[in-house]
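Just below is one structure, and these are the notes that go with it.
The values are calculated or read from the model by the stated rules, or taken from the named source; none is laboratory data. From a predicted model like this one, the values you see are computed outputs, not experimental measurements. Here the Cβ positions follow ideal geometry from the backbone for every residue, glycine too, while neighbour counts run over all protein chains shown. With ligands, DNA and RNA removed, areas are computed over all heavy atoms of the protein, side chains included. Shrake-Rupley method; radii C 1.70, N 1.55, O 1.52, S 1.80 Å.
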Amino acid sequence: MVMLTLVDSHCHIFDVKGYVPSEELVVVSSGYSHSTNVKNVELARRLDIPFSLGIAPQSVIGDHDLSALDEWVGFIRKNRPNAIGEIGLDYHWAKCDEDIKKEELVFRKMLDLAEEMKLPVVIHGRKATSDILDTFRMRNFELPIMMHFFAGSVSEAKWVAEKGDFISIPPLHSKERRSVIKEIPLENLLVESDAPYVVRKPEQVKDAVSYIAEVKELDFDTVAEQTTKNAHSFFKF
Ligand SMILES: [Zn+2]
């Protein structure tokens, strides 16, 4: 029996309890703050897995001090990740204008860094998809984009796909996600667990593959194969 390799395009291995590496599942581990970036690099090197580093919007709001931002950027630059992420805007957790200003500042810095390093970006957008896409339009951003845990509309997903970029599907069902899966070509889809925050284990990414297979009326292996291929081309490993 031929074993298919799946790729979980977004999870946080350093936070997963009792993670056991497997040859059938490649995990792409993502940092979301300076301290998790440090843990992520250490673990990714040890496990020899692809990884991304970034400062996420939800980690810079409130009383978080940004005075070390340039050092955090320096750390990412030095450690050469496969992608910059997760980064973006989050209007769910932002409580005031001050928070949004901090998120925007950090997002801009992260996009600058991606452009400088010519790396793809992994985007976290909560209630902020349209502003994130506007940012890309205004900057003429040309590097590959992965919309992690995509929660925007079908028309926003189409814009991303038409640019040749990626929508990442978690193993959670919703009416909107179903329409997105239906309308977006398999060539523009990735799968993720976002473990341990959305589901507990990276292995549960299989449920995202099954979800796509069911909606698109394809078999599991076809979806597994294409999303794996997509992940390889996006993260370059
Ligand atoms: Zn995540």
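Counting other C-beta atoms within 10 Å, and keeping those with at most 15, which DSSP coil trypsin sites (Lys or Arg not before Pro) do you find in region 179-216? Before the final figure, lay out the partial values.
Working: sites: Lys182, Arg200, Lys206, Lys216; in loops: Arg200.
Filter output for region 179-216: Arg200.
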With a 1.4 Å probe and all protein chains kept in place, how much accessible area does Glu183 have, in Å² rounded to the nearest 10?
90 Å²
Apply the Karplus parameterisation 6.51 cos²θ - 1.76 cosθ + 1.60, with θ equal to phi minus 60°, to every residue of region 91-99 and state each ³J(HN,Hα) to the nearest whole Hz, in sequence, with x for glycine and proline.
8, 6, 8, 5, 9, 7, 4, 4, 4
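Sort largest first and round to whole Å: the equivalent ellipsoid semi-axes of region 87-186, each the square root of five times a Cα gyration tensor eigenvalue. If you can, show how the numbers build up before the last one.
Working: eigenvalues 100, 61, 22 Å².
Equivalent ellipsoid semi-axes, largest first: 22, 17, 11 Å.
Report the extension gain between Asp97 and Lys163 in nm, rounded to one decimal, defined as 0.36 nm multiplied by the number of residues separating them, less their alpha carbon distance.
Working: separation 66, 0.36 × 66 = 23.76 nm, distance 3.11 nm.
My answer for the length gained is 20.7 nm.
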What is the Cα centroid distance between region 50-97 and region 182-234, reported in whole angstrom?
26 Å
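About its Cα centre, what dipole magnitude does the chain give when the only charges are +1 on Lys and Arg Cβ and -1 on Asp and Glu Cβ, stated in debye to the nearest 20?
Numbers: 29 positive and 38 negative charges, 33 e Å.
Roughly 160 debye, rounded to the nearest 20.
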Please tell me the relative contact order of region 53-201 in percent, rounded to the nearest whole number, where contacts are Cα pairs under 8 Å and at least six residues apart.
19 percent
Alpha carbons only, please: Rg and Dmax for the chain, in angstrom.
16.7, 56
Just grab the label-to-label distance for Ser22 and Arg108, each label 7 Å out from Cα along the Cβ direction, in nm (one decimal).
4.4 nm
What number comes out for the charge environment of Arg80, summing +1 per Lys or Arg and -1 per Asp or Glu over other residues with Cβ under 14 Å away?
+4
Where Lys and Arg each count +1 and Asp and Glu each count -1, what net charge lies around Val7 among other residues with Cβ under 12 Å from its Cβ?
-2
For Lys175 and Thr5, extending 7 Å from Cα along the Cα-Cβ vector and measuring point to point gives, in nm, a value of 4.1 nm
If you count the DSSP beta bridges with both ends in the chain, what percent of them are antiparallel, to the nearest 5?
5 percent
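Report the calculated FRET efficiency for Met117 and Glu217 (r = Cβ-Cβ distance, R0 = 35 Å), to the nearest 0.05. All intermediate terms of the calculation are to be shown ahead of the outcome.
Numbers: r = 40 Å, r/R0 = 1.14.
Result of the calculation: an efficiency of 0.30.
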Which pairs in the list Lys39/Lys101; Lys127/Lys201; Lys201/Lys229; Lys175/Lys216 are over 20 Å apart, alpha-carbon to alpha-carbon?
Lys39/Lys101; Lys127/Lys201; Lys201/Lys229
DSSP-assigned coil residues among chymotrypsin sites (Phe, Trp or Tyr not before Pro) in region 178-224, each with at most 15 further Cβ atoms within 10 Å:
Tyr197
Pick out, from Leu66, His10, Ala224, the residue whose Cα sits farthest towards the positive end of the charge dipole of the chain, with +1 on the Cβ of Lys and Arg and -1 on the Cβ of Asp and Glu.
Leu66
Pick out, from Val41, Leu190, Pro57, the residue whose Cα sits farthest towards the positive end of the charge dipole of the chain, with +1 on the Cβ of Lys and Arg and -1 on the Cβ of Asp and Glu.
Val41
Per DSSP, the loop-located trypsin sites (Lys or Arg not before Pro) within region 1-94 having at most 13 other beta carbons within 10 Å are Lys17
Sticking to Cα atoms, compute the Rg of region 27-71 to one decimal and its Dmax as the biggest Cα-Cα distance, whole number, in Å.
11.6, 35
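Under a Cβ-only charge scheme (Lys and Arg +1, Asp and Glu -1), can you give me the dipole magnitude of region 113-222 about the Cα centre, in debye to the nearest 20?
Numbers: 15 positive and 19 negative charges, 70 e Å.
Using Cβ point charges on Lys, Arg, Asp and Glu, region 113-222 gives about 340 debye.
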Can you list residues whose amide H is under 5 Å from Asp90's amide H, if they're 5+ apart or on another chain and H is modeled 1.01 Å from N?
Arg126
